[in-house]
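One structure is given here, and the rest of the page talks about it.
What follows draws every value from the coordinates through simple rules; no lab data is involved. None of the values given here were measured: they were computed from a predicted structure. Every residue, glycine among them, receives a Cβ derived from its backbone with ideal geometry; neighbour counts consider all protein chains shown.
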Amino acid sequence: MKKAALILLIMLTCLFKVKAQHIPGSRIDSLDHRPLLMINGKKVDPLSFFTLDRQQFKNFKVITPEQAMKRFGYDAGKFGAIEITLVKEAKLLNWTQLAKRFYFIADQLPVNGHFNWGYGGLDFNDPRLFAAAPSTITYFSIGRSHEAPYGQVVWIAQRGVLPPKKEIKPTPFDKEIGAFEQIFIIESNKRSAIENAKPLLQG
């Protein structure tokens, strides 16, 4: 319960506007309030969270923005951090390994990526830092994102988006996980609202 409250504190802190950043291959802007995500001590793209096997969580630690900025620096820690330790037997696929698994050459992929987790979707901050459990990805394809209409992106979907839906068993960290997911749901809903508010062009 205390950890869930800390995540909600992170979310409230993130309501303040942030100056937009333009970093090649990154998608961080004023709607992006994603905490830093560390898995087994390594920084990964925050959307990697949705591809993890929760049954393999050994520990789930919430770090406040103040603590995260002291540990990781202002830019990395300004939205707080989540540290996840997986059980010893857990395996993760990086961007290159995931591309090979779906018969793509990683070096020839677009620099942008879009992840769909079933009830929403967002673009990666940095696909090169994406990490996924081998059993969680449904598809990996090249297409277009409404946020990048003139450029190609890689589309990735979590298993469970398409039937049969994988049953998710309860874990000791479900409250913390739910609060963490809300950060991404809020961002996705805001982006959808902005997109839906644009005038529809018909020819």
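If you filter region 85-125 for chymotrypsin sites (Phe, Trp or Tyr not before Pro), then keep DSSP loop positions with at most 12 other Cβ within 10 Å, what is left?
Passing both the DSSP loop test and the Cβ count: 102, 103, 119.
Treating the beta-carbon of each Lys and Arg as +1 and of each Asp and Glu as -1, no other charges, what is the dipole magnitude of region 36-125 about its Cα centre, to the nearest 20 debye?
340 debye
Report the gain in length on full extension from residue 74 to residue 108: 0.36 nm times residue separation, minus Cα-Cα distance, nm rounded to one decimal.
Extending this stretch completely gives an extra 9.0 nm.
Note down the nm distance, to one decimal, between modelled labels 7 Å out along Cα→Cβ at residue 174 and at residue 67.
2.4 nm
Please compute the length gained on full extension between residue 85 and residue 194, using 0.36 nm multiplied by the number of residues separating them and subtracting their Cα-Cα distance.
So the extension gain works out to 35.7 nm.
What residues qualify as long-range amide H neighbours of residue 155, i.e. H under 5 Å apart, gap of 5 or more or another chain, H built at 1.01 Å from N?
Under 5 Å from the amide H of residue 155: 114, 141, 142, 143.
So if we plug the beta-carbon distance of residue 55 and residue 185 into 1/(1 + (r/R0)^6) with R0 = 25 Å, what FRET efficiency do we get, rounded to 0.05?
0.65
Taking the dipole about the Cα centre of region 40-132, with the C-beta of Lys and Arg at +1 and of Asp and Glu at -1, give me whichever of 124, 68, 102 is farthest to the positive side.
It is 68, whose Cα lies furthest towards the positive end.
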